[in-house]
1. Please give the contour-minus-distance gain from R179 to E123: 0.36 nm per residue of separation, less the Cα-Cα distance, rounded to one decimal in nm.
2. With r as the distance between the Cβ atoms of L146 and C266 and R0 = 25 Å, compute the FRET efficiency 1/(1 + (r/R0)^6) and round to 0.05.
3. Rank the residues V272, V206, V63 as a footprinting-exposure proxy: fewest other Cβ atoms within 10 Å of their Cβ go first.
4. Please list, ordered by chain and number, the residues whose modelled amide H lies under 5 Å from the amide H of V235; skip anything fewer than 5 residues away on the same chain.
5. At a Cα cut-off below 20 Å, give the lysines reachable from K83, other chains included and same-chain residues fewer than 8 away excluded.
6. Just from the alpha-carbon atoms, what are the Rg and Dmax of the range 113-241 in angstroms?
7. List the GluC sites (Glu not before Pro) within the range 144-225 that DSSP assigns to loop and that have no more than 12 neighbouring Cβ atoms inside 10 Å.
8. Taking the number of other C-beta atoms within 10 Å as the exposure measure, put K166, K107 in order starting with the fewest.
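Values in this text are rule-based calculations from the coordinates and carry no lab data. Predicted model, so just to flag it, every value in this text is computed and none were measured. Neighbour counts are summed over all protein chains in view; Cβ atoms, including those assigned to glycine, are modelled from backbone coordinates with ideal geometry.
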Amino acid sequence: MFGQTMLATPTRFVALTNPFRSSSTKIPISVSLFPEAFLHKPLTRASVHLRFVATMSTPAAAVYATITHVIFDMDGLLLDTEKFYTEVQEKILARYNKTFDWSLKAKMMGRKAIEAARLFVDESGISDSLSAEDFIVERESMLQGLFPTSDLMPGASRLLRHLHGKGIPICIATGTHTRHFDLKTQRHRELFSLMHHVVRGDDPEVKEGKPAPDGFLAASRRFEDGPVDPRKVLVFEDAPSGVQAAINAGMNVIMVPDPRLDKSYCGAADQVLASLLDFKPEEWGLPSFQDSHN
Ligand SMILES: O=P(O)(O)OC[C@@H](O)CO
Ligand SMILES: [Mg+2]
């Protein structure tokens with residue numbers, strides 16, 4: 001989604017319409033060419049990718065979309081908690097001499113507990129021995145001791161503090177139930193207090209869990225100036241179901257997947273990052289970091 005890119009020159013403005021604009025492909029274009037060189041050259045794909053320094057301090061144009069609000073997923077994205085689910089599910093399946101693999105994990109991630117549980121017992125072929133409800137009870141008892149030890153994912157604190165410090169409204173939309181949310185975040189209360197609001201999996205407005213858009217739409221409505229135009233919202237997610245939920249909500253979405261997740265699950269997102277540390281806010285029209293993390 002590209003708009004007009006205005007290039008300021010000492011004498012006049014050059015209005016540059018992105019000639020490659022098309023609804024089907026999003027080509028990251030950061031155009032900053034010397035006005036003189038630019039004005040005497042036909043605009044080709046190669047010239048558009050040439051870098052030049054504008055003679056005035058023109059801020060780098062957003063190359064994806066211009067974002068005003070950010071919604072964060074939590075498990076696996078802000079908190080390193082997906083490993084707890086994996087550890088516990090592997091232990092339960094081992095009792096049935098079965099192994100827990102990433103193709104099943106990819107389907108379960110991000111979903112409401114009961115929906116993930118049904119997938120787990122059905123696809124593992126143990127539903128005759130263990131009901132989805134009993135699996136949840138057993139899993140929860142094993143997770144109780146792990147959740148309070150949850151660590152932040154790399155770059156989570158830096159990004160949240162940066163956006164909050166720049167006055168960008170941020171919130172969370174998670175599939176996690178309230179009772180688990182409190183356990184998982186108990187070591188990070190101050191950081192999570194920067195959120196304008198939190199939508200949890202047991203929220204009354206969340207009729208269906210991810211990949212349904214309910215959580216992200218509810219989150220968008222609760223901002224001061226909500227509901228926010230979904231085209232101006234950026235979602236950060238780690239799970240295929242969460243990415244699809246953001247797309248279903250009409251929002252922009254960056255995926256930060258576990259490296260063990262097969263790449264075939266990562267094609268739907270607008271951008272895929274290895275870590276939040278690799279996020280460049282200016283590519284989304286947001287204030288850039290002052291620190292040079294890299
Ligand atoms: O929506 P998130 O925060 O990833 O929570 C999902 C969690 O319920 C387990 O996958
Ligand atoms: Mg997640």
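1. Values: separation 56, 0.36 × 56 = 20.16 nm, distance 2.69 nm.
Once the chain is fully extended between R179 and E123, it gains 17.5 nm.
2. On the way: r = 27 Å, r/R0 = 1.07.
FRET efficiency, C266 to L146: 0.40.
3. On the way: V272 16, V206 23, V63 20.
Ordered from fewest to most neighbouring Cβ atoms within 10 Å, V272, V206, V63 come out as V272, V63, V206.
4. I71, N252, V253, I254
5. K91, K98, K105, K107, K112, K184, K210, K263
6. 16.5, 53
7. Details: sites: E190, E205, E208, E224; in loops: E205, E208, E224.
Counting only loop positions with at most 12 other Cβ atoms within 10 Å, the GluC sites (Glu not before Pro) in the range 144-225 are E205, E224.
8. Values: K166 12, K107 18.
Starting with the residue having the fewest Cβ neighbours, the order is K166, K107.
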